[in-house]
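One structure is given here, and the rest of the page talks about it.
The values are calculated or read from the model by the stated rules, or taken from the named source; none is laboratory data. Source: prediction; values computed, not measured. Cβ: placed from backbone, ideal geometry, glycine included. Neighbour counts: every protein chain shown.
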Amino acid sequence: MIFPQMRSSSGTTSFETFGSLEFPVVRWDIWVESWGLGHVTRQINLIDYWRAARGGDGEFRFFVDDNAGTQAALKRAGHDFVVRSASLDDAFASLAGEWSADRPDLFILDTVAQDQIPAARKVLDNRDVFSLVFIDDPKDRDVECDLLVNALPPLTQWAQPKLAREKVRGIEYLILPTEFEDVRRSQPARNFESCDRGVAFFGGSDPQNFSDVFLSAIALENSVKHWTLLVGPSHPDADGIAKRIEKLELPVSLVRYVKSMAAAFADADIAALAAGNTLWEAAAIGVPTIAVSHNPIQAQNATYFATHAGIADAGQLKADSAQMLSQAIRDVAASPEKRRRMSESLRLLVDARGGKRMVEMIGAALRNRASA
């Protein structure tokens, strides 16, 4: 893997060290698609790991769509961003035109499917800019780029690339917030004899309102002393959920924004979660989990973790799924031994070091270029 020529965007060259070599501070252009907050969060986490690495400084600029949740996440993290044109053809063309005068060293495309738009080739084909593409694709499609990362866990042997010059796949490349390693190290051994504290989260906006189905399940039968239900700032019915909790007198605390998911999971005895990024985070902490799915990608996540770590896969909830979810929670909560085994398997499966692995790969590319 050879990294392109490195420059500082100011026209002057400043140097930091990485390993035993020096190289200029690099500039990243990062294009994220808003599909929940998973894509932008992954890149924020990657930058945090890069900055934490020795000599891992850089200049970072995001290109985002007109999505309030994505922009709020970037503002909280202190990152600059450009709101791109609603026309993807125009947006890619504009970026390619900008690069003709001042190109970055690294371009990251974190997307559901925008790499398949013909206009994306205007930037991915630029061999003077190292291209790194992140996808979460059950079908494991190939993408022509310098490095392709598919962090969706494979249920079968993953395909060898023909277009991507390098490719990695698997949960060892999940990029969690840096704090998860700290929480893992400080966690005491758990015996799970009691099931006092549960955490539930079904995505920041919870597009299918799984939170409401969850409340119905708890109203039918509750096997956990107290639940914390997390919702994101973009949840459309947070006020309605709060009123329903109060009306039904449920043992549930509603939290509308969580600064640290690692802290939220640190002492949880059980979790009910959508099978997206949050499932990976709970796995890193070893939280016994009942997973539900919003879409086919989450369904594959849930199947993988059910197969390899024994989580309870509740499938895709519907309005009348409360009885089924209640039963799944009861079965997991009732067995300390099941939760112990699940916790141990989850921690082994997700070691929270994916960010470090990605930084090492990018750093290796820098070192290769610098030594050349």
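Consider the stretch 156-182 and keep the residues that are crowded, with 19+ Cβ neighbours inside 10 Å and β-branched (Val, Ile, Thr). The one that is farthest from Ala352 (Cα to Cα) is Ile171.
The residues of the stretch 299-348 that are over 24 Å from Ala151 (Cα atoms) and either among the acidic types (Asp, Glu) or touching a Cys at 6+ places or on another chain (Cβ under 7 Å) (or both), listed by number, are Asp320, Asp331, Ala333, Glu337. In the set (1) modelled with pLDDT of 95 or more; (2) assigned to a helix (DSSP H, G or I), the condition left unmet by Asp239 is number (1). Of everything listed in (1) more than 23 Å from the chain's Cα centre (by Cα); (2) outside any loop (DSSP other than H, G, I, E, B); (3) buried (at least 23 other Cβ atoms within 10 Å of the Cβ), the single unmet condition for Phe107 is (1). Scanning the stretch 34-49 for residues that are assigned to a helix (DSSP H, G or I) and either β-branched (Val, Ile, Thr) or over 8 Å from the mean Cα position of the chain (by Cα) (or both) returns Val40, Thr41, Gln43, Ile44, Asn45, Leu46, Ile47, Asp48, Tyr49. Taken over the stretch 100-122, the residue count meeting the criterion of being without any contact (Cβ under 8 Å) to a residue 60 or more places away in the chain and under 25 Å from Trp50 (Cα atoms) is 2. The set of residues in the stretch 135-170 being assigned to a strand (DSSP E or B) and within 17 Å of Asp105 (Cα to Cα) consists of Leu147, Leu148. Applying the selection to the stretch 123-134, what residues are touching a residue at least 60 places away in the same chain (Cβ under 8 Å), over 30 Å from Lys259 (Cβ atoms) and assigned to a strand (DSSP E or B)? Listed by number, the list holds a single entry, Phe130.
If we scan the stretch 89-98, do we find a residue that is surrounded by 14 or more Cβ atoms within 10 Å (Cβ to Cβ) and more than 18 Å from Pro118 (Cβ to Cβ)? Among the residues of the stretch 89-98, at least one is surrounded by 14 or more Cβ atoms within 10 Å (Cβ to Cβ) and more than 18 Å from Pro118 (Cβ to Cβ), which makes the answer yes. Looking across the stretch 104-155 at every residue that is in contact with a Lys or Arg (Cβ under 8 Å, 6 or more places away or on another chain), charged (D, E, K, R) and under 23 Å from Gln298 (Cα atoms), the one that is modelled with the lowest pLDDT is identified as Asp140.
What about Ile362, is it of a type in the set (Val, Ile, Thr), modelled with pLDDT of 95 or more and either surrounded by fewer than 16 Cβ atoms within 10 Å (Cβ to Cβ) or over 16 Å from the mean Cα position of the chain (by Cα) (or both)? No; evaluated as a whole, the condition is false for this residue. Asp212 meets all of the listed conditions (1) in contact (Cβ under 8 Å) with a residue 24 or more places away in the chain; (2) farther than 30 Å from Ala352 by Cα; (3) touching a Leu at 6+ places or on another chain (Cβ under 7 Å) but one, namely (3). Summed over the stretch 150-174, residues that are among the hydrophobic types (A, V, I, L, M, F, W, C), in contact (Cβ under 8 Å) with a residue 40 or more places away in the chain and touching a strand residue (DSSP E or B) at 6+ places or on another chain (Cβ under 9 Å) total 3.
Scanning the stretch 292-323 for residues that are among the β-branched types (Val, Ile, Thr) and either surrounded by fewer than 16 Cβ atoms within 10 Å (Cβ to Cβ) or at pLDDT 90 or above (or both) gives Val292, Thr303, Thr307, Ile311.
Number of residues in the stretch 183-212 that are within 22 Å of Asp320 (Cα to Cα) and either among the β-branched types (Val, Ile, Thr) or out of contact with any strand residue (DSSP E or B) (no Cβ under 7 Å at 6 or more places or on another chain) (or both): the value is 7.
For the stretch 258-274, taking the residues that are of a type in the set (D, E, K, R) and surrounded by fewer than 17 Cβ atoms within 10 Å (Cβ to Cβ), the one that is farthest from Lys225 (Cα to Cα) is identified as Lys259.
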